[in-house]
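Before any comments, here is the structure.
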Amino acid sequence: MTEEDAAGPMPVADASLEAALDTLDGRRFAVLTGAGVSTDSGIPDYRGAGSRRRTPMTIEQFRSAPRFQQRYWAGSHLGYRAFTAAQPNAGHRALAALEVAGHINGVVTQNVDGLHLRAGSLRVVPLHGTVDRVVCLDCGQVFARPEFEARIDAENPWLERPESIVINPDGDAEVADVERFVVPECTVCGGLLKPDVVFFGEYVPVDRFDEAKALVTSAEALLIAGSSLAVNTGIRLLEQARRRRLPIVIVNRGATKGDERATVKVDGGTTEFLTALADRLGA
């Protein structure tokens, strides 16, 4: 836990906070969330202040050679338990309450941790997929992640689980010795399995992006929380809102690629903002 975690969410500026609350009050809005929403649950950010520099594996690398598949799955296996042990924070719960109260029409998330659903959100569009499923790249068969994890344990009895694991934003951990690691094959066709998440170099499925776009186009405003908007899909959704002249509120620690297009930018923690928003709107 960092000093910031121990102290709670970073305060937000009063003026921008009030302007953002005023902008969203009385409007039914869509929400786009990024990694910053889950940092208070103990899941690290990609690009926020203090985040470690990392180079995620691309889909081309993953497909290219067994050594990449071994490296990815060994790290993902070791990190999965710690990743799924994370609990929804007050920001996740505030969004769920806002949806139940009718203030938001749904959540589009760039996160793969499933915390919005566990917090009680009803309509969630996981742009980049979810770690709780595994899919075969050859035949398309889908498997539950716990079932796949049990197969990894059975086929790699030598693998030791360290007492402490530092996970990455997508739930994988750094692993050095992977040469002996056995990656289970698809039980249907013997093909290559990957988590049902969008790797770098892959496209978000068209039907999933269309569902996200529909949430934005049917809303009266857009709230972007905890995303630097460095990924193109986030910017495309922001542009959908801008073209319809919807008010856009961005809440993030540090600059984002959409700040100049925002109606209001709040530089601060998402947990504090979302709980304040729920209080303001009586959720």
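The values are calculated or read from the model by the stated rules, or taken from the named source; none is laboratory data. From a predicted model like this one, the values you see are computed outputs, not experimental measurements. In this analysis, Cβ positions are derived from the backbone assuming ideal geometry, glycine residues included, and neighbour counts consider all displayed protein chains. Heads up: the accessible areas ignore ligands, DNA and RNA and are worked out on the full protein's heavy atoms, side chains in. Shrake-Rupley method; radii C 1.70, N 1.55, O 1.52, S 1.80 Å.
Label points 7 Å out from Cα along the Cβ direction at residue 15 and residue 27: separation in nm?
In this crude label model, residue 15 to residue 27 measures out at 2.1 nm.
Using only alpha carbon pairs under 8 Å that are at least six residues apart, calculate the relative contact order of region 61-139 and give it in whole percent.
In percent, rounded to a whole number, it is 24.
Relative contact order (percent) for the chain, with alpha-carbon contacts under 8 angstrom and 6 or more residues of separation?
Reported relative contact order: 29 percent.
Using 0.36 nm per residue, how much length does the chain from residue 180 to residue 210 gain when fully extended, once their Cα-Cα distance is taken away?
6.6 nm
Compute the longest continuous run of the chain that contains no exposed chymotrypsin sites (Phe, Trp or Tyr not before Pro); treat a site as exposed when its DSSP state is not H, G, I, E or B and it has at most 13 other Cβ atoms within 10 Å.
1-157
Using only Cα atoms and rounding to the nearest 10 degrees, what angle (0 to 90) does helix 66-85 make with the longest principal axis of the chain?
Helix 66-85 and the main axis of the chain meet at about 50 degrees.
Multiply the residue separation of residue 244 and residue 160 by 0.36 nm, subtract the distance between their alpha-carbon atoms, and state the gained length in nm to one decimal.
Taking 0.36 nm per residue and subtracting the Cα distance, the gain is 24.9 nm.
With axes computed from alpha carbons, what is the tilt in degrees of helix 232-243 against the longest principal axis of the chain, rounded to the nearest 10 within 0 to 90?
20 degrees
What's the Kirkwood radius of the chain in Å, using all Cα pairs?
Answer for the chain: a Kirkwood hydrodynamic radius of 19.6 Å.
So which trypsin sites (Lys or Arg not before Pro) in region 189-281 are both in a DSSP loop and have at most 10 other Cβ atoms within 10 Å of their Cβ? Can you show the working numbers first?
On the way: sites: 208, 213, 236, 242, 243, 244, 245, 253, 257, 261, 265, 280; in loops: 244, 245, 253, 257.
Passing both the DSSP loop test and the Cβ count: 245.
For helix 145-155, report the angle its Cα long axis makes with the longest principal axis of the Cα atoms of the chain; keep it between 0 and 90° and round to the nearest 10°.
30 degrees
Quick check: at a probe of 1.4 Å, how many percent of the accessible area of the chain sits on carbon and sulfur atoms? Provide the component values of the computation, followed by the final result.
On the way: 6550 of 13310 Å².
Carbon and sulfur: 49 percent of the exposed surface of the chain.
May I ask for the longest run of the chain untouched by GluC sites (Glu not before Pro) that are loop-located per DSSP and have at most 12 neighbouring C-beta atoms (other than their own) within 10 Å?
1-159
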